[in-house]
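Peer 1: This is the structure I want to talk about, given as structure tokens.
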Amino acid sequence: AMARKNFVVGNWKMYTTAAAARDLAAAVARGVTDDRITVAVAPPFPWLQLVAETVKGSPVRVCAQDVYPEPEGAFTGEVSTSMLLDAGCRAVIVGHSERRHVIGETDMLINEKARAALKAGLVVVLCVGEKLEERDANKTEAVLDNQLTWGTRDIPANQVSQLAIGYEPVWAIGTGRTATPEQAEQAHVFIRWRLSQIFGEEAVGSLPILYGGSVKPDNVHALMAKPDVDGAMVGGAS
Ligand code: PGA
């Protein structure tokens with residue numbers, strides 16, 4: 001919305017074969033003609049390099065779905081920031097709700113991931129969002145406050161230009177139950193206010209806040225029309 005450049009991330013989660021990833025990446029690259037919007041695709045790790053080669057020369061960016069904070073070492077199954085950069089990746093999602101609630105990642109680990117990725121020069125999409133029972137108990141802002149406070153701890157203000165926030169209410173992810181544009185806007189205003197306390201108003205003025213959770217072609221326009229909704233994270237529909 002408005003002064004901020006729109007940013008859309010397609011999160012492919014644990015879907016696609018190599019062939020499907022290549023075809024989808026090529027189709028996205030052909031489809032992206034509007035340079036007012038930054039478009040990134042987030043394929044599974046094994047397809048990062050293939051997808052990076054496929055979208056080369058197009059404005060489409062390649063984003064990883066996760067990263068490990070250590071530079072290298074005996075961390076079986078994990079992937080470092082320099083590996084992502086070598087694979088042609090320029091952005092990474094950190095703290096996705098499925099990482100928090102299915103895999104069990106803590107705010108502390110998520111913060112280490114965000115700091116390592118920012119330090120390596122990657123764009124970081126830090127995800128936050130409340131569960132349904134938290135919303136119903138009027139705890140949405142408290143949950144977001146906590147996730148933002150811990151998630152951004154010790155991030156230097158001069159790296160905020162590489163940071164984006166994904167607001168993804170857990171009850172809206174993969175459920176078909178999208179937040180209303182008003183619910184999204186209200187959360188985004190809170191997120192921007194809280195981040196401006198942490199980093200200062202100026203640093204946060206141009207920070208993109210993306211909405212995610214059952215975004216579809218028929219609801220994306222109303223969501224993006226809100227002044228503080230600067231983009232979308234799209235799972236199923238991507
Ligand atoms: P969804 O996923 O669009 O399938 O709800 C969104 C996300 O997890 O980023």
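The values are calculated or read from the model by the stated rules, or taken from the named source; none is laboratory data. Quick caveat, the model's predicted, so the values are computed rather than measured. As a convention, Cβ positions derive from the backbone with ideal geometry for all residues, glycine included, and neighbour counts pool all protein chains shown. We work out accessible area using only protein heavy atoms, side chains counted, and drop any ligands, DNA or RNA first. Shrake-Rupley method; radii C 1.70, N 1.55, O 1.52, S 1.80 Å.
Peer 1: For Val123, all conditions in the list (1) under 24 Å from Asn11 (Cα atoms); (2) open to solvent by 20 Å² or more (accessible area, probe 1.4 Å); (3) without any contact (Cβ under 8 Å) to a residue 60 or more places away in the chain hold save one; what is the number of the exception?
Peer 2: (3)
Peer 1: Counting only residues that are aliphatic (A, V, I, L, M) and in a loop (DSSP other than H, G, I, E, B), which one in the stretch 205-225 is farthest from Phe190 (Cα to Cα)? Reasoning before the result, please.
Peer 2: Filtering the stretch 205-225 down to residues aliphatic (A, V, I, L, M) leaves 207, 209-210, 215, 220, 222-225.
Checking which are in a loop (DSSP other than H, G, I, E, B) leaves us with 207, 215, 225.
Values: Leu207: 13, Val215: 21, Ala225: 17 Å.
The residue in question is Val215.
Peer 1: Search the stretch 216-238 for residues being of a type in the set (Gly, Ala, Ser) and surrounded by 13 or more Cβ atoms within 10 Å (Cβ to Cβ), and hand back the single one that is farthest from the ligand (Cβ to nearest atom). Show your work before the answer.
Peer 2: So the first thing to find is which residues in the stretch 216-238 are of a type in the set (Gly, Ala, Ser), and the list is 222, 225, 231-232, 235-238.
Then keep just the ones that are surrounded by 13 or more Cβ atoms within 10 Å (Cβ to Cβ); that gives 222, 231-232, 235-238.
Working: Ala222: 15, Gly231: 12, Ala232: 8, Gly235: 2, Gly236: 3, Ala237: 6, Ser238: 7 Å.
Among them, the one singled out is Ala222.
Peer 1: May I pose another question? Which of the residues belonging to the stretch 1-30 are closer than 11 Å to Pro208 by Cβ and either over 19 Å from the mean Cα position of the chain (by Cα) or open to solvent by 90 Å² or more (accessible area, probe 1.4 Å) (or both)?
Peer 2: Of the residues in the stretch 1-30, the ones closer than 11 Å to Pro208 by Cβ are 1, 3-9.
Listed by number, the residues that qualify are Ala3, Lys5.
Peer 1: Select from the stretch 78-120 the residues that are away from the ligand (no atom under 13 Å from the Cβ) and open to solvent by less than 10 Å² (accessible area, probe 1.4 Å) and list them in ascending order. It would help to see each step written out before you state the result.
Peer 2: Keep residues of the stretch 78-120 that are away from the ligand (no atom under 13 Å from the Cβ), which gives 78-92, 103-120.
Those that are away from the ligand (no atom under 13 Å from the Cβ) and open to solvent by less than 10 Å² (accessible area, probe 1.4 Å): Ser80, Leu84, Cys89, Ala91, Val92, Ile110, Asn111, Lys113, Ala114, Ala117, Leu118.
Peer 1: Would you mention how many residues in the stretch 169-193 are within 18 Å of the chain's Cα centre (by Cα) and open to solvent by less than 50 Å² (accessible area, probe 1.4 Å)? Steps first, please.
Peer 2: Applying the first criterion (within 18 Å of the chain's Cα centre (by Cα)) to the stretch 169-193 yields 169-174, 178-179, 184-185, 187-192.
Of the ones still in play, those that are also open to solvent by less than 50 Å² (accessible area, probe 1.4 Å) are 169-173, 178-179, 184-185, 187-188, 190-192.
Counting residues in the stretch 169-193 that are within 18 Å of the chain's Cα centre (by Cα) and open to solvent by less than 50 Å² (accessible area, probe 1.4 Å) gives 14.
Peer 1: Also, I was wondering about something else. Examine the stretch 134-148 for a residue that is within 17 Å of the chain's Cα centre (by Cα) and open to solvent by 50 Å² or more (accessible area, probe 1.4 Å), and state whether such a residue exists. Even if it seems obvious, please write down each step before you answer.
Peer 2: If we filter the stretch 134-148 for residues that are within 17 Å of the chain's Cα centre (by Cα), which is where we start, we get 144, 147-148.
Remaining after also requiring open to solvent by 50 Å² or more (accessible area, probe 1.4 Å): none.
No, every residue in the stretch 134-148 fails to be within 17 Å of the chain's Cα centre (by Cα) and open to solvent by 50 Å² or more (accessible area, probe 1.4 Å).
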